[in-house]
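Engineer: I have a structure here, written as structure tokens, and I will follow up with some questions on it.
Readers should treat all values here as calculations from the given coordinates under stated rules, not as data from a laboratory. Just so we're clear, the structure is a prediction, and the values are computed from it rather than from any experiment. Glycine gets a Cβ as well: all are built from the backbone with ideal geometry, and neighbour counts include every protein chain shown.
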Ligand code: AMP
């Protein structure tokens, strides 16, 4: 029945897949904390204007991919397609611009009406970082370092692609040169790129159309149009990366789809996912806060896609929790409950196995990857004790199984760990 399927392009995250997402989220927030970033959570929908303004009407995201609807009160609402615009909106709504710098990390679902395929979903998940109020190029280096450290900790191989879009003056000069160049080939360009020629000529450079790419190969290069200060800024970013041994590939076709980027643009790429090779991307957006109605505050950040990171982790062995299994031989459930709570209040992971048959109970303990079994039976209860069984030891090991007084159970478990 169609209605019992998830909507096209959305997925349930269950089991190992859910665990991978949990790991990525924890690693992301943990590393962001090392750099002083705080968790922020914004609503998953906003007034549509937030995205139109911040992301730009000429981008694919706003032009083609947004989930927009009128709510029952007639307000035009959009499910967030990306995380930067809502964070900027939150900074302005909460009057935080007097407390700079601001450092935020977030994680959650985003929504884009794209053609679904492996690594591309309509509900995708991103972990992101935003830093406001610092215009030092080393801030860009630190942001990139966070992304690299997350990838490294997740044991994901990726390369860093780096470019600069310069400041407004550089960008405008470059745009003019690109329009002049592409106008010569206008009739040969794809329909999308013909449209971009008028609205967003930089985007032709990252067109996926093969013929567009051939034409773009000989287009003028951005580096020629950088102002002296924009070139110096980029040189500092490159120097900072080298200082901390982060390798990068200069990629002058990397323009990213969003209008508000200035100076640094970067992407983390893999060569293991075919066309969906971007694992994350970001850059500097010095004009954005002002563009959204706030003061002129510089910003830099990135977003990574959890869905693609999780795909790349499919070959990695997952470290599963190994709890203590409580097994009753007889109706000793109240003792099981009390002992479980005693252990859990001391931060031990415990599962009560609700099976009357010990054979089935041990099978279940095995299935949940239990490290120990605590067995409660008639003899044990009489002695105010339990049997503690180490499920990882061989049957003839002297410490395999022993009687432990309930009062000493925690101590016995701690001694063994
Ligand atoms: P973007 O905001 O477009 O730069 O996206 C940042 C990252 O999110 C990308 O590098 C991808 O890893 C991921 N991403 C973007 N769109 C999708 C999608 N439709 N499905 C899965 N992941 C996506």
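Engineer: Give, in whole angstrom and from largest to smallest, the semi-axes √(5λ) of the equivalent ellipsoid of segment 265-411, with λ running over the eigenvalues of the Cα gyration tensor.
Structural biologist: On the way: eigenvalues 550, 83, 32 Å².
The equivalent ellipsoid of segment 265-411 has semi-axes of 52, 20, 13 Å.
Engineer: Round to the nearest 0.05 the FRET efficiency obtained for residue 25 and residue 383 when R0 = 60 Å and r is the Cβ-Cβ distance.
Structural biologist: On the way: r = 45 Å, r/R0 = 0.75.
Result of the calculation: an efficiency of 0.85.
Engineer: Using only alpha-carbon positions, what ratio does the radius of gyration of segment 320-367 give when scaled by 2.2 N^0.38 Å?
Structural biologist: Here the answer is 1.11, to two decimals.
Engineer: Starting from the Cα-Cα distance between residue 168 and residue 33, subtract it from 0.36 nm times their residue separation and give me the gain in nm to one decimal.
Structural biologist: Here the segment from residue 168 to residue 33 would lengthen by 45.4 nm.
Engineer: Quick one: if the Förster radius is 25 Å, what FRET efficiency do residue 18 and residue 275 give, using the C-beta to C-beta distance and rounding to 0.05?
Structural biologist: 0.45
Engineer: Compute the angle between helix 168-183 and the longest alpha-carbon principal axis of the chain, please, reported from 0 to 90 degrees and rounded to the nearest 10.
Structural biologist: Taking Cα atoms only, the helix is inclined about 70 degrees.
Engineer: Another question, then. Do you know the relative contact order of the chain, to the nearest whole percent, from alpha carbon pairs under 8 angstrom that are 6+ apart?
Structural biologist: Numbers: 701 pairs, mean separation 60.9, N = 417.
Computed value for the chain: 15 percent relative contact order.
Engineer: Suppose the chain between residue 57 and residue 213 were pulled fully straight at 0.36 nm per residue; how much longer would it get relative to their current alpha carbon spacing?
Structural biologist: 53.8 nm
Engineer: Let me ask another. Relative to 2.2 N^0.38 Å, what does the C-alpha radius of gyration of segment 97-149 come to as a ratio? Two decimals please.
Structural biologist: 1.50
Engineer: How high is the relative contact order of segment 158-302? Use alpha-carbon pairs under 8 Å, at least six apart in sequence, and give a whole percent.
Structural biologist: Normalised by residue count, the contact order of segment 158-302 is 31 percent.
Engineer: Ranked highest first by average number of other Cβ atoms within 10 Å, how do 107-113, 5-11 line up? Kindly include the intermediate steps, with their values, before the conclusion.
Structural biologist: Details: 107-113: 18.7, 5-11: 11.6.
Peptide ranking by packing, descending: 107-113, 5-11.
Engineer: For segment 47-160, what does the alpha-carbon gyration tensor say about shape, rounded, prolate or oblate, given a ≥ b ≥ c as the root eigenvalues, a/c under 1.5 as rounded, and a/b over b/c as prolate?
Structural biologist: oblate
Engineer: Taking the Cα atoms only, what angle lies between the long axis of helix 137-153 and the longest principal axis of the chain, rounded to 10 degrees?
Structural biologist: 40
Engineer: Sticking with this one: How would segment 279-353 be classified by its alpha-carbon gyration tensor: rounded, prolate or oblate, with rounded meaning a/c under 1.5 and the a/b versus b/c comparison settling the rest?
Structural biologist: Values: a/c = 6.06, a/b = 2.59, b/c = 2.33.
Prolate shape, in that a/c is at least 1.5 and a/b is the bigger ratio.
Engineer: If you don't mind, there's one more thing I want to ask. Taking just the alpha carbons, could you work out the radius of gyration and Dmax for segment 136-270, both in angstroms?
Structural biologist: 15.9, 48
Engineer: Please work out the ratio of the alpha-carbon Rg of segment 62-128 to 2.2 N^0.38 Å and round it to two decimals.
Structural biologist: For segment 62-128, the normalised Cα radius of gyration is 1.34.
Engineer: Now for a different question. Please say if segment 340-389 is rounded, prolate or oblate, where rounded means a/c under 1.5 for a ≥ b ≥ c the square roots of the C-alpha gyration tensor eigenvalues, and otherwise the choice is prolate for a/b larger than b/c and oblate otherwise?
Structural biologist: Note, shape of segment 340-389 comes out oblate.
Engineer: Principal axis extents for the chain, Cα atoms only, whole Å, descending order, please.
Structural biologist: The principal-axis extents, from largest down, are 91, 55, 44 Å.
Engineer: What percent do you get for the relative contact order of segment 258-324 when only Cα pairs under 8 Å and 6+ apart count?
Structural biologist: After rounding, I find 25 percent.
Engineer: State the extension gain, in nm to one decimal, for the chain segment bounded by residue 94 and residue 394, taking 0.36 nm per residue of separation less the distance between their alpha-carbons.
Structural biologist: Between residue 94 and residue 394, full extension yields 102.0 nm more.
Engineer: So if R0 is 51 Å, what FRET efficiency would residue 239 and residue 114 give, r being the distance between their Cβ atoms, rounded to the nearest 0.05?
Structural biologist: 0.85
Engineer: What is the distance, in nm, between label points placed 7 Å from the Cα along the Cα-to-Cβ direction at residue 231 and at residue 75?
Structural biologist: Result for the modelled spin labels: 4.9 nm.
Engineer: Restricting to the chain, what percent of DSSP beta bridges are antiparallel, rounded to 5?
Structural biologist: Counting DSSP beta bridges with both partners in the chain, the antiparallel share is about 80 percent.
Engineer: I'd like to compare 300-311, 64-75: which one has the highest average count of other Cβ atoms within 10 Å, and what's the full order after that?
Structural biologist: Highest mean packing first, the order is 300-311, 64-75.
Engineer: In degrees between 0 and 90, to the nearest 10, how far off the longest principal axis of the chain does helix 228-243 point, with axes built from Cα atoms?
Structural biologist: 30
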